[in-house]
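Okay, structure first, notes after.
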Amino acid sequence: MTSTPPADAPDLYAVLGNPVEHSQSPFIHGEFARQTGERIDYVRVCCPLDGFAPALRRFAAEGDGVHRGRPRGCNVTVPFKFEVPRLAARLSERATLAQAANTLRFDTDGWYADNTDGVGLRRDVEHNAGMPLAGRRVLLIGAGGAAAGVLGPLLAAAPAVVTVANRTPDKAHALVQRHAGWARRHGATLNAAPLDAPGAGFDLVVNASASSLAGQAVPVPATVLRVGTLAVDLMYGPAATGFTGWAQANGAIGRDGLGMLVEQAAEAFALWRGVRPDTAPVLDALRARLSDRS
Ligand code: NAP
């Protein structure tokens, strides 16, 4: 049942996924809204594993059944990011390249899909961690959804080399093949390598595999690091400490995925509201909130 939302009700946004109870997105977007004075509500919507498209259409038409504001857009998380492109009317260039999207804006002439994960990682590395990527040697571990989302924006920063290493080599080769033209356009060398011999002494190592999530060992040898390498795990919380501890023990700088999480959210917020929030205080607040819980 669709009814006209009251004009004074805040616009409604959501994160759709399964599971979503753990999602920090409502907290992050709540902080952005408070900081910028934008009036929005942001909720979690858990979708059936075999029923993402109907759940998304229902949210876009009717909201969450609790809040009265008009649904204006949403984030999409695991495991549905690959389903978004076929449901959208228009895709950003980076979502097209990734073949996956994490952000939708419900425009009146059709849904617009974007993938803000990669630009979030790039901003965390370059702005928050202070490492400009141009001319750097980068190792990307993994070839799943997260790796596909970050590869295009990493290449757009014009690194010298990006090497993709994945447990299933064919998936790394396919990802490299799909991005070959994009890499050439940005003057970067792009190649695939085996996990046990990916090369040595990288400037940036990004763990976009699910090894930390699975509680498993770092899947590459420590020779990928040198003193001062920035080693980022897209995971955050206690599950990331194995990787960040390994990095520190080998003279590198370990960093978790919390900065990327906040930065990708800021990009989505800017796409929806036309205002870019200041991410630094929100990242600090999120770190404090999560450390209080552990
Ligand atoms: P996915 O699509 O399921 O892909 C998983 C990838 O990890 C595949 O490349 C897989 O290799 C590899 N893998 C799994 N277990 C491994 C192991 N024990 N050793 C080596 N490689 C292993 O998952 P995803 O969506 O890409 O997510 C990956 C990670 O990124 C998750 O931890 C997720 O939480 C995190 N993430 C964080 C953010 C953020 O904002 N911070 C955003 C997105 C994702 P095969 O191809 O051989 O199966």
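One residue alone among 110, 135, 130, 65 is away from the ligand (no atom under 12 Å from the Cβ), at positive phi and modelled with pLDDT under 95, and that residue is 65.
With respect to the conditions (1) part of a loop (DSSP other than H, G, I, E, B); (2) near the ligand (Cβ under 9 Å from one of its atoms), residue 202 falls short on a single one, namely (2).
So is residue 7 more than 24 Å from residue 238 (Cβ to Cβ) and in contact with a Cys (Cβ under 8 Å, 6 or more places away or on another chain) or not? It is false that residue 7 is more than 24 Å from residue 238 (Cβ to Cβ) and in contact with a Cys (Cβ under 8 Å, 6 or more places away or on another chain). Cβ-Cβ distances below 6 Å connect the following pairs, each with a first residue in the range 103-125 that is in contact (Cβ under 8 Å) with a residue 24 or more places away in the chain and of a type in the set (S, T, N, Q), a second residue that is assigned to a strand (DSSP E or B) and buried (at least 20 other Cβ atoms within 10 Å of the Cβ), and a separation of six or more residues or different chains: 103/75; 103/114; 116/103.
Residues of the range 210-254 that are more than 15 Å from the ligand (Cβ to nearest atom), aliphatic (A, V, I, L, M), open to solvent by 60 Å² or more (accessible area, probe 1.4 Å) and assigned to a loop (DSSP other than H, G, I, E, B): 227 alone. Picking from residues in the range 86-96 that are part of a helix (DSSP H, G or I) and more than 15 Å from the ligand (Cβ to nearest atom), the one that is surrounded by the most Cβ atoms within 10 Å (Cβ to Cβ) is 87. Only one entry in 80, 59, 106 is within 16 Å of the chain's Cα centre (by Cα), surrounded by 16 or more Cβ atoms within 10 Å (Cβ to Cβ) and outside the structural domain of residue 174 (by TED's automatic domain parsing), namely 80. Within the range 193-206, the set of residues being open to solvent by less than 30 Å² (accessible area, probe 1.4 Å) and of a type outside the set (Val, Ile, Thr) comprises 193, 198, 201, 202, 203, 204. Tallying residues that are in a strand (DSSP E or B) and open to solvent by 40 Å² or more (accessible area, probe 1.4 Å) within the range 132-155 yields 1. Of all residues in the range 255-277, those being open to solvent by 40 Å² or more (accessible area, probe 1.4 Å) and either more than 30 Å from residue 38 (Cβ to Cβ) or near the ligand (Cβ under 10 Å from one of its atoms) (or both) number 0.
Could you say which residue among 159, 169 is modelled with pLDDT of 95 or more and either more than 30 Å from residue 284 (Cα to Cα) or open to solvent by 10 Å² or more (accessible area, probe 1.4 Å) (or both)?
The match here is 169.
Criterion applied to 72, 34, 44, 68 was being among the basic types (Lys, Arg), in a loop (DSSP other than H, G, I, E, B) and not assigned by TED's automatic domain parsing to the domain that holds residue 176, and the one residue passing it is 68. Screening 129, 146, 95, 134 for residues that are farther than 20 Å from residue 207 by Cβ and not assigned by TED's automatic domain parsing to the domain that holds residue 63 leaves exactly one candidate, 134.
For beta carbons closer than 8 Å, sequence separation of 6+ or different chains, a first residue in the range 51-66 that is closer than 17 Å to residue 88 by Cβ and a second that is hydroxyl-bearing (Ser, Thr, Tyr), the qualifying pairs are 61/2.
Restricting attention to the range 156-176, does a residue exist that is aliphatic (A, V, I, L, M), within 14 Å of the ligand (Cβ to nearest atom) and part of a loop (DSSP other than H, G, I, E, B)? No, the range 156-176 contains no residue that is aliphatic (A, V, I, L, M), within 14 Å of the ligand (Cβ to nearest atom) and part of a loop (DSSP other than H, G, I, E, B).
The values are calculated or read from the model by the stated rules, or taken from the named source; none is laboratory data. Nothing here was measured: the structure is a model prediction, and the numbers come from that model. With ideal geometry, Cβ positions are generated from the backbone for all residues, glycine too; neighbour counts draw on all protein chains shown. Only protein heavy atoms, including side chains, enter the accessible area calculation; ligands, DNA and RNA are left aside. Shrake-Rupley method; radii C 1.70, N 1.55, O 1.52, S 1.80 Å.
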